[in-house]
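Read the structure below first, then the notes.
The values are calculated or read from the model by the stated rules, or taken from the named source; none is laboratory data. The model shown is predicted, which means the values in this text are computed figures rather than measured ones. For neighbour counting, all protein chains shown are included, and Cβ atoms are generated from backbone atoms with ideal geometry for every residue, glycine included. To get the accessible areas, we keep the full protein, side chains included, count just its heavy atoms, and leave off ligands, DNA and RNA. Shrake-Rupley method; radii C 1.70, N 1.55, O 1.52, S 1.80 Å.
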Amino acid sequence: DMMEYKRWGERLVLRLDPGEEVGECLLEVGRKEDIRLAEISGLGAASLVELGMFDTETKGFTEACYQGTYEIASITGSITRLDGEPYLHVHMVIGNLDRGECHGGHMIRAVISATAEIFVNIISGQVERKMNEEIGLHLFDL
């Protein structure tokens with residue numbers, strides 16, 4: 001069962017349901033709607049979140065996994081293209097008020113517990129990504 005979404009012109013509104021994974025859903029929409037460039041924003045609630053932080057020295061990601069009850073305070077990012085395929089770059093901030101926690105970083109994985117409301121604003125253009133060896137990341141190729 002895929003998330004539900006509607007499109008009005010260049011704007012999409014998505015509703016994710018329990019058990020759905022944010023990245024998978026966004027890539028699916030990117031392929032289905034042939035998105036070449038878009039801005040993503042949203043919020044929701046998650047039960048399992050994997051976040052990463054890029055280290056410019058080691059050119060690797062430090063990863064952390066959070067399981068439990070979390071509000072997604074913010075989802076922000078982009079859909080671009082890498083080798084002709086939709087490419088996702090999303091950051092997320094999650095919080096647990098009971099424990100007074102807040103965590104943010106690069107979203108590796110996020111499984112929805114209640115719902116997520118995500119807006120995808122398509123921009124008429126295309127941005128590819130290109131590996132920057134010095135930094136170690138696929139950067140916007142403008």
- Query: Mind listing which trypsin sites (Lys or Arg not before Pro) in the stretch 1-82 are in a DSSP loop and have 15 or fewer other Cβ atoms within 10 Å?
  - Reply: 59
- Please identify, among 33, 57, 24, the residue showing maximal mean-square fluctuation in a Gaussian network model of the chain using a 10 angstrom Cα cutoff. 57
- Message: What is the sum of charges, Lys and Arg at +1 and Asp and Glu at -1, for the other residues whose Cβ falls under 14 Å from the Cβ of residue 74?
- Response: -3
- Item | Rounded percent of accessible protein surface that carbon and sulfur make up, the chain, 1.4 Å probe | 50
- Leaving out same-chain residues fewer than 8 places away, which lysines sit with a Cα under 16 Å from that of residue 59? 130
- Item | Candidate aspartates and glutamates for bridging to residue 6, where Cα separation is under 14 Å - those fewer than 8 sequence places away on the same chain excluded | 28, 33, 117
- Item | Pairs of Cα atoms farther than 18 Å apart, the stretch 78-123, % | 46
- Taking only C-alpha pairs under 8 Å that are 6+ residues apart, what is the relative contact order of the chain in percent? 33
- Item | Size of the stretch 10-71 as Cα extents on the principal axes (Å, biggest first) | 38, 30, 16
- Query: So what's the net charge close to residue 53: Lys and Arg +1, Asp and Glu -1, counting the other residues with Cβ under 13 Å from its Cβ?
  - Reply: -3
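Given a 1.4 angstrom probe, what's the average accessible area per residue across the stretch 1-132, in square angstrom?
54
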